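A short write-up of the structure that comes next.
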Amino acid sequence: MRLALLCLTLITFAFPVLAQDEETEKPLNAITFLEYLREHNRLKPMQNPKYEHGTDVLDRRVMDQTKKAIGQVEDVIVSSTGDIRYLKVNFDRISLRKTAYLDYTQMNIGANNDGYALSLREEDIKDLFPKFIRKITPHGEQISLTEIIGKEIRDSNKIRLGVIEEILFDEFGSKVEHLYIKINHGLIRDAGLAIPFKAVDFDYRNGYVYLTIDKAFSDIAFDYVKK
């Protein structure tokens with residue numbers, strides 16, 4: 001009976017989140033892409049306190065309802081727009097030996113400077129743990145962040161734009177905003193640039209992820225770092 005109530009609680013967590021209006025964003029085109037580069041690279045992105053580094057997010061702790069640390073983030077699965085879909089969590093702190101994927105929206109998980117907070121107590125998590133054991137297969141709408149750090153981005157003509165050095169979240173770690181890349185092209189050497197996460201396409205084939213950006217965006221990025 002208690003387990004059934006907990007399952008019902010998990011389902012109801014989703015409704016307040018789904019009811020929220022999403023912030024309207026400008027569609028990406030040549031003009032808005034250049035505006036984006038100018039706005040988000042005025043300050044050095046890697047030193048900007050507005051952004052949380054993905055390498056730090058991937059080392060965050062997970063807390064229960066009482067703010068007790070019960071696990072550690074091992075991976076973050078996001079959509080093509082950077083919204084978190086799942087947290088892959090190691091619960092070894094409470095002697096649960098398998099990793100689990102937690103549905104970020106359905107479980108109403110909160111992000112803050114201390115980590116990720118669940119709306120469940122430790123004993124509830126132990127009761128529900130078998131339901132968290134699932135296989136998540138990355139694809140274009142379920143992108144594993146651990147799999148794309150260090151990957152190269154090529155334009156639609158197969159010319160390499162750069163290599164992902166860091167993934168930049170908003171300041172609370174609730175959404176991926178930018179990819180920080182290093183560009184080496186022609187006379188350009190080790191130029192750092194933050195580009196919008198949503199500008200990149202993620203194509204999973206034969207166990208490998210290929211990252212592609214529109215050639216028009218790539219050309220704009222090259223021109224921007226030359227100046």
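Values in this text are rule-based calculations from the coordinates and carry no lab data. As the structure is a prediction and not an experimental result, all values here were calculated from the model. Reconstructed Cβ throughout: ideal geometry from the backbone, glycine too, with neighbour counts over all protein chains shown.
For Ser79, Ser218, what ranking results if the residue with the fewest other Cβ atoms within 10 Å of its Cβ goes first? Let's see the in-between values first.
On the way: Ser79 16, Ser218 25.
Going from sparsest to densest Cβ surroundings: Ser79, Ser218.
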Most exposed first, judged by fewest Cβ atoms within 10 angstrom, Phe172, Phe197 run Phe172, Phe197
Quick one: grab the alpha carbon gyration tensor of the range 108-227, order the square roots of its eigenvalues as a ≥ b ≥ c, and give me rounded if a/c is under 1.5, else prolate or oblate depending on whether a/b is larger than b/c. prolate
Given the -39500 (n - 2.57) contribution per DSSP H run of 4+ residues, what per-residue ellipticity at 222 nm results for the chain, rounded to the nearest 500 deg cm²/dmol? -7500 deg cm²/dmol
What aspartates and glutamates sit close enough to Lys50 to cross-link, taking a C-alpha to C-alpha distance under 14 Å and skipping anything fewer than 8 places away on the same chain? Glu39, Asp170, Glu171, Glu177
Fewest Cβ neighbours within 10 Å first, please rank Leu43, Leu211, Leu179 accordingly. Leu43, Leu211, Leu179
Apply the a/c threshold of 1.5 to the C-alpha gyration tensor of the range 76-161 and tell me whether it is rounded, prolate or oblate. prolate
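Would you please put 106-118, 198-210 in order of how densely packed they are, using the mean number of other Cβ atoms within 10 angstrom per residue and starting with the highest?
The densest-packed peptide leads the list: 106-118, 198-210.
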Hits among lysines - C-alpha to C-alpha of Lys198 under 18 Å, sequence gap 8 or more where chains match: Lys26, Lys151, Lys175, Lys182, Lys215
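If you take the square roots of the eigenvalues of the alpha-carbon gyration tensor of the range 47-91 and sort them as a ≥ b ≥ c, do you get rounded (a/c under 1.5), prolate (a/b over b/c) or oblate? Please report the intermediate quantities before stating the final value.
Details: a/c = 2.07, a/b = 1.36, b/c = 1.52.
Oblate is the answer for the range 47-91, as a/c is 1.5 or above yet b/c matches or exceeds a/b.
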Whichever aspartates and glutamates have a C-alpha closer than 15 Å to that of Lys135, once near sequence neighbours (fewer than 8 apart) are set aside: Glu74, Asp75, Asp103
Once amide hydrogens are built 1.01 Å from N within the peptide plane, the residues lying 5 or more places from Asp75 or on another chain with amide H under 5 Å from its amide H are Lys88
Tell me, what ³J(HN,Hα) does each residue in the range 188-204 have, in order and in whole Hz, if you take phi through Karplus 6.51 cos²θ - 1.76 cosθ + 1.60 with θ = phi - 60° and put x for Gly and Pro? 7, 10, 6, 7, x, 8, 8, 10, x, 4, 6, 7, 9, 9, 10, 10, 8
